[in-house]
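Student: Dumping the structure here so I can ask a few things about it.
Derivation of every value follows stated rules applied to the coordinates shown; laboratory data play no part. Note that the coordinates shown come from a computational prediction; the quantities given were computed from them, not determined experimentally. Backbone-built Cβ (ideal geometry, glycine too); neighbour counts: all protein chains shown.
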Amino acid sequence: MSKDYYEILGVSKTASKDEIKKAFRKLAHEHHPDMKGGDEAKFKEANEAYSVLSDDTKRQQYDTYGKTFSQGGGGGAGGFEGFDFSGFANGQGFSGFQDFDVGDIFGDLFGGGRQQQKRGRDISVDIEISFEESIFGTEKTIHLNKTSTCDVCVGSGAEKGSDMVTCSICNGKGKVQEVKKSFIGSFATVKMCENCHGKGKVPKKKCSACSGAGVYKREQVITIKVPAGIDNNEMLRLTNAGEAKAGDNSGDLYVKIHVENHNIFRKENADLVMDLKIKLSDAILGAEYNIKTLDGDIVLKIPEGINNGEILRVRGKGVPVGKKRGDILVNIVLDMPKKLSRKAREAIESLRNEGI
């Protein structure tokens, strides 16, 4: 059976692109090999699912053919229905070949071997931002000591002014042929030349800074743009900002955002919510209160006869969403007096006598 990418990401078949992206970010952080308790297999599986479901064309093809691909029908490489595997491993299917990659075998049979994506390692970091920065967005610079493209030879591996010559291993083809032996027979496969990294040429004189590797470990300053309205524990992905690898693409950098708590506000979607304690007399008679917003202080009018738990709305002072902003929701909390002076008690009793 083929993989159920929706099930892998834990989303429904009607999930939006944002839901798919959010689910992938969560799994990527949870299973990333660099994280404590990470699972490389699950991370790759989630990445594979995301690469398909985040692409409209691939997703449509997967929705149409994905679940029937490995169930046969039509012959050729579309499936293996009718192929009898019962003779292998003494009638136990492939159970006797746990260490054998069957995928590679059938990849060779039906078209040149499986192509693995080769690139640098992904890395992940955590950064902390203030509540205000999470609302309006910000830029942060971090220092990473990672494998990066050599800034002297710009990844070529050649000393400045040195010529590039034909690779003696692959004779300039960038690929070499291998013969694999299996229980089915011998199969020829083609893979990238590791000497020239698929380029077909190597430096006549190696770069003295990176010893011809094209990459080396160094400190790099990276600027991270944090978008407005980001949530706590949300993950940002910076493509090609991870570890560099000679002759291939760099990995990605995953940045987990930690947002500090605010002493007044809490975020609910595009709105900011706060509690405001007011006196009983102000609730009865109405009043004006100075309140703080992220844009400065404003005067809030409390209407007469307001009840505990009522919400007052301050428009346009919440979280930026495109060209608009959410609101501030002020939750009214009556500050009931625990003790009353004699004069205050007499006043309250007179109100009760009037039926108030």
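Student: Taking the Cα centre of the stretch 266-353 as origin and charging only Cβ (+1 Lys, Arg; -1 Asp, Glu), how large is the dipole, in debye to the nearest 20?
Tutor: Taking the Cα centre of the stretch 266-353 as origin, the dipole is about 160 debye.
Student: Output the Cα-based Rg and Dmax of the stretch 1-69 in Å, rounding Rg to one decimal and Dmax to a whole number.
Tutor: When restricted to the Cα atoms of the stretch 1-69, Rg and Dmax are 12.1, 38 Å.
Student: Here's a follow-up. What net charge is computed for the residues neighbouring S148, neighbours being all others with C-beta under 13 Å from the C-beta of S148, Lys and Arg scored +1, Asp and Glu -1?
Tutor: +2
Student: About the Cα centre of the stretch 1-69, how large is the charge dipole given +1 on each Lys and Arg Cβ and -1 on each Asp and Glu Cβ? Please answer in debye to the nearest 20.
Tutor: 120 debye
Student: Report, ordered by chain and residue number, the aspartates and glutamates lying within cross-link reach of K58, taken as a straight Cα distance under 19 Å and ignoring same-chain residues fewer than 8 apart.
Tutor: Within the straight-line cut-off, K58 pairs with D4, E7, D18, E19, E45, E48.
Student: Okay, next question. May I ask you to derive the FRET efficiency for E128 and R352 from their Cβ-Cβ distance with R0 = 41 Å, giving the value to the nearest 0.05?
Tutor: Once rounded, the FRET efficiency stands at 0.20.
Student: Sticking with this one: Based on the alpha-carbon gyration tensor of the stretch 163-283, what equivalent-ellipsoid semi-axes (square roots of 5 times the eigenvalues) come out, in whole Å, largest first?
Tutor: 57, 21, 9
Student: In addition: How do E194, E234 rank when sorted from fewest to most other Cβ atoms within 10 Å of their own Cβ?
Tutor: E194, E234
Student: For each of M235, M274, count neighbouring Cβ atoms within 10 Å of the residue's Cβ, then give the residues from fewest to most.
Tutor: The most exposed by this proxy come first: M274, M235.
Student: Something else: When the distances between all Cα atoms of the stretch 253-333 are binned every 10 Å from zero, what whole-number percent does each bin get?
Tutor: 17, 44, 27, 9, 3, 1
Student: For the stretch 266-353, calculate the relative contact order in percent as a whole number, restricting contacts to Cα pairs under 8 Å that are 6 or more residues apart.
Tutor: In percent, rounded to a whole number, it is 33.
Student: Once phi is turned into θ = phi - 60°, what whole-Hz ³J(HN,Hα) does the Karplus curve with 6.51, -1.76 and 1.60 give for every residue of the stretch 340-347, x standing for Gly and Pro?
Tutor: 10, 5, 4, 5, 5, 4, 4, 5
Student: Mind listing the long-range amide H neighbours of C150? Cut-off is under 5 Å, sequence gap 5 or more, other chains count too, H placed in the peptide plane at 1.01 Å from N.
Tutor: Under 5 Å from the amide H of C150 lie the amide H atoms of G155, V215, Y216, each far enough along the sequence or on another chain.
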